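Novice: Quick one: the structure is below, questions incoming.
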Amino acid sequence: MSAERLFADHLNHLLTEYASALQACDFADQPVLVGSGISHSYYADDLAIPFRAWGHFLRWLPVDRPDQFVLFRHGKKPVFFAVIPQDFWHDQSLELPGWWADLYDIRILPDKHQLEAQLKTLIPDHQLLFLGEDVNLAAALGARPGHVNPASLIAYLDYYRAYKTRYEVQRIADANALALTGHQAAHEAFLDGKDEFGIHMAYLTACRALDHELPYPSIVGVNEHAAILHYQLKKRRSAAVDPALNKALLIDAGCRSFAYCSDITRTWVRPGVHEVFAALLSGMQKLQRNIIRTIAVGQSYVQLHEATHESLAELLIESGIAVGSSRELLEEEVTSAFLPHGLGHFLGLQVHDCGGRLASPDGTTKQPPSRYPALRTTRTLENGMVFTIEPGLYFIPALLDKLRTGRRQALLNWTLIEELLPLGGIRIEDNIWLNEGTAHNLTLKPLLSA
Ligand code: GLY
Ligand code: MN
Ligand code: MN
């Protein structure tokens, strides 16, 4: 299907969804102004922090800049207020490609305060509903407090954002295809003996991306750094390149396609790495594939997470890291020390997309089981959802230390653990689209671009 067609269908879906949302939240027939957000500077400085537009704005159109607005009105062409300041310090040019721009009534304004006059003519008899960060502007435009980011409306939109349109799935697939070129380059750089900085640069160059364009700061952890879950550094080595310094690499890096994200993790080892670690890596790859195979409509994501811990317990026993039964390891919460994060999360305009813990569009939440507080998704899986599956197994000194007492100490082979600690850990992360009852792996099989 063409890009034009995909986007037109997406926009129609969004128009219908907003109409239903307004109806459900007792705002029927009201117009809604959605803002992209405000540019912020560093404290006591005039330097702007890299900007990221709000997901509910980006869902309307791919303009990732501050002070942009979309006006939704029932049965009318949506209006895009493109605020383009008279600014000679920055490039303010804005591309308006026909595939999306033709579907909007576009009004170019030199500053956001001109919105007031526009709205007076466009929605003369209506109360304004405002969604977005710029609540001062909302007040200046006359929106009443109950009409600014009403919690009921935001919850409804968050809940349904979990169901992606074909346009959105295509974008996430494109973001996967792009990130995979980076992952391949990163793997080669790792085998070449490059340091974390060099591996990171190889990734960026292959993706032709700047750091701030990525969905999140890439995690590039060589050896023990893989055990720091959101490791943020990219260490530069001063010593001459010695490929043997790179024993293992965990790289968690994505890309964005028209603001939609991918989120992919690969773990690589050099030949000759500790044989138990190599076995754990293939065990985790198999475990991840098996979990993906069990995905079905109606399945609880919490159950998938629990099944992951059961398989992890078996892998720990098989590899000789743990003794006893898998039931015992689960009861003693031993697996949680090796896998302290959740199995995954929704993916879309945010890498951790919204609505993962909403049980209903009315805003009721479902919290994860108390033993798995980091699990971001407690929803029942349904067609149209896109989410990650990212089991991990890490040797995190601070968490392992808590197992060094009582019954739990006797369940683990500490000599082996000491040997594996310098290798950090393993995570395998793919992006899954549940479609027509089948889990489609967008990372392994990105859809052909429209
Ligand atoms: N890249 C962060 C995550 O995997 O959730
Ligand atoms: Mn990730
Ligand atoms: Mn993730």
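The values are calculated or read from the model by the stated rules, or taken from the named source; none is laboratory data. What you see is a predicted model; the values in this text were computed from it and never measured. Neighbour counts are summed over all protein chains in view; Cβ atoms, including those assigned to glycine, are modelled from backbone coordinates with ideal geometry. With ligands, DNA and RNA removed, areas are computed over all heavy atoms of the protein, side chains included. Shrake-Rupley method; radii C 1.70, N 1.55, O 1.52, S 1.80 Å.
Novice: Just to be sure I follow: if Rg is taken over the C-alpha atoms of the stretch 14-165 and Rh is the Kirkwood radius over the same atoms, what is Rg/Rh? Don't skip to the answer; put the middle values down first.
Specialist: On the way: Rg = 15.4 Å, Rh = 16.2 Å.
My calculation of the ratio gives 0.95.
Novice: Suppose accessible area is computed on protein heavy atoms with a 1.4 Å probe; arrange W54, W60 from highest to lowest. Could you put the intermediate results ahead of the total?
Specialist: Values: W54 70, W60 0 Å².
Result, largest first: W54, W60.
Novice: If DNA, RNA and ligands are ignored and the probe is 1.4 Å, what is the ranking of W268, W414 by accessible area, most exposed first? The partial results should precede the final answer.
Specialist: On the way: W268 65, W414 40 Å².
The ranking, largest first, comes out as W268, W414.
Novice: Report, to the nearest 10°, how far helix 196-207 tilts away from the longest principal axis of the Cα atoms in the chain, using its own Cα long axis and a range of 0 to 90°.
Specialist: 40
Novice: Then there's this: For the stretch 96-175, compute Rh as the Kirkwood radius over C-alpha pairs and then the Stokes-Einstein diffusion coefficient at 20 °C and 1.002 mPa s; write the answer in µm²/s, rounded to an integer. Show your work: numbers first, answer last.
Specialist: Working: Rh = 15.4 Å.
The estimated diffusion coefficient comes to 139 µm²/s.
Novice: Run the accessible area of the stretch 66-140 with a 1.4 Å probe and give the carbon-and-sulfur part as a rounded percent. Before the final figure, lay out each step's value.
Specialist: On the way: 2140 of 4070 Å².
Carbon with sulfur: 53 percent of the solvent-accessible area.
Novice: While we're here: Which ³J(HN,Hα) values, rounded to whole Hz and listed in residue order, are derived for the stretch 120-128 from phi using the Karplus coefficients 6.51, -1.76 and 1.60 in 6.51 cos²θ - 1.76 cosθ + 1.60 with θ = phi - 60°, glycine and proline given as x?
Specialist: Computed from phi, the couplings for the stretch 120-128 are 4, 8, 7, 9, x, 9, 10, 6, 8 Hz.
Novice: May I ask for log10 I(q)/I(0) of the chain at q = 0.05, 0.06, 0.07, 0.08 Å⁻¹, from a Debye sum over the Cα atoms as equal point scatterers with solvent left out?
Specialist: For the requested q values the scattering log ratios are -0.21, -0.30, -0.41, -0.52.
Novice: Next question. Please report, in Å, the Rg and the Dmax of the stretch 143-300, where both are computed over Cα atoms only.
Specialist: 19.3, 66
Novice: On to the next question. For an R0 of 56 angstrom, estimate the FRET efficiency from the Cβ-Cβ distance between A28 and E419 and round to the nearest 0.05. Spell out each step's value before the answer.
Specialist: Details: r = 65 Å, r/R0 = 1.16.
E(calc), rounded to 0.05, equals 0.30.
Novice: Give the residues of the stretch 5-31 whose amide nitrogen is closer than 12 Å to a point set 7 Å from the Cα of Q127 in the direction of its Cβ.
Specialist: Residues 26-31 qualify, since their backbone N sits under 12 Å from the label point.
Novice: Taking K and R as +1 and D and E as -1, what net charge do the other residues with C-beta under 9 Å from the C-beta of H345 add up to?
Specialist: Numbers: positive: R376; negative: D263, D353, E390.
For residues surrounding H345, the net value is -2.
Novice: Which ³J(HN,Hα) values in Hz, rounded to whole numbers, follow from the phi angles of the stretch 78-84 under the Karplus curve 6.51 cos²θ - 1.76 cosθ + 1.60, where θ = phi - 60° and Gly and Pro get x?
Specialist: Computed from phi, the couplings for the stretch 78-84 are x, 9, 10, 8, 8, 8, 10 Hz.
Novice: Right, another one. Going out from 0 in 5 Å bins, what whole percent of all Cα-Cα distances in the stretch 217-349 drops into each bin?
Specialist: For the stretch 217-349, the binned pair fractions read 2, 8, 15, 18, 20, 17, 11, 6, 3, 1, 0 percent.
Novice: Of K76/K120; K234/K402; K234/K445; K77/K120; K286/K366, which pairs sit farther than 22 Å apart, going by alpha carbon to alpha carbon? Mind dumping the intermediate values first?
Specialist: Values: K76/K120 16 Å; K234/K402 28 Å; K234/K445 29 Å; K77/K120 17 Å; K286/K366 30 Å.
Check vs 22 Å cut-off fails for K234/K402; K234/K445; K286/K366.
Novice: I've got another one for you. Mind checking the per residue accessible area of the stretch 216-327 for me, 1.4 Å probe, whole number of Å²?
Specialist: Details: 4920 Å² over 112 residues.
That works out to 44 Å² for each residue.
Novice: Can you give me the solvent accessible area of D242 with a 1.4 Å probe, rounded to the nearest 10 Å²?
Specialist: 70
Novice: What do you get for the angle between helix 151-160 and the principal long axis of the chain? Use alpha-carbon atoms, 0 to 90 degrees, nearest ten.
Specialist: That works out to roughly 60 degrees.
Novice: Say R0 is 56 Å: what FRET efficiency, to the nearest 0.05, do K366 and D242 get from their beta-carbon distance?
Specialist: Values: r = 50 Å, r/R0 = 0.89.
It comes out at approximately 0.65.
Novice: Still on this structure: Based on the Kirkwood radius over alpha-carbon pairs, what value in µm²/s does the Stokes-Einstein equation return for the translational diffusion coefficient of the stretch 200-283 at 4 °C and 1.567 mPa s? Write out the running numbers ahead of the final one.
Specialist: Numbers: Rh = 14.1 Å.
D, rounded to a whole number, is 92 µm²/s.
Novice: Return the lysines within reach of K235: Cα separation strictly under 20 angstrom, same-chain partners fewer than 8 residues apart disregarded; answer none if there are no such residues.
Specialist: Cα-Cα hits under 20 Å: K194, K247.
Novice: Then there is this: Can you check what the net charge comes to around P31, using other residues whose Cβ is under 11 Å from the Cβ of P31 (Lys, Arg +1; Asp, Glu -1)? Don't jump to the answer; show the numbers that get you there.
Specialist: On the way: positive: R73, K76; negative: D29, D125.
Cβ neighbours under 11 Å give a net charge of 0.
Novice: Net charge near Y156: determine it from the other residues with C-beta under 10 Å of the C-beta of Y156, scoring Lys and Arg +1 and Asp and Glu -1. Please list the in-between numbers first.
Specialist: Values: positive: R161; negative: E17, D158, D362.
After counting each charged neighbour, the total is -2.
Novice: While we're here: Kindly provide the helix-only [θ] at 222 nm of the chain, computed as the sum of -39,500 (n - 2.57) over DSSP H runs of four or more divided by all residues, to the nearest 500 deg cm²/dmol?
Specialist: Calculated from helices alone, the mean residue ellipticity at 222 nm is -10500 deg cm²/dmol.
Novice: Give me the Kirkwood hydrodynamic radius of the stretch 1-77, using the inverse of the mean 1/r over all pairs of distinct Cα atoms, in Å to one decimal.
Specialist: Working: mean 1/r = 0.0700 Å⁻¹.
Computed over Cα pairs of the stretch 1-77, the Kirkwood hydrodynamic radius comes out at 14.3 Å.
Novice: Once you wrap a convex hull around the alpha carbon atoms of the stretch 293-347, what is its projected area averaged over all directions, in nm²?
Specialist: Details: hull surface 17.9 nm².
Averaged projected hull area, Cα only: 4.5 nm².
Novice: Rounded if a/c is under 1.5, else prolate if a/b is larger than b/c, else oblate: which is the stretch 238-313, with a ≥ b ≥ c the root eigenvalues of its Cα gyration tensor?
Specialist: On the way: a/c = 3.63, a/b = 1.44, b/c = 2.52.
Oblate shape, in that a/c is at least 1.5 and b/c is the bigger or equal ratio.
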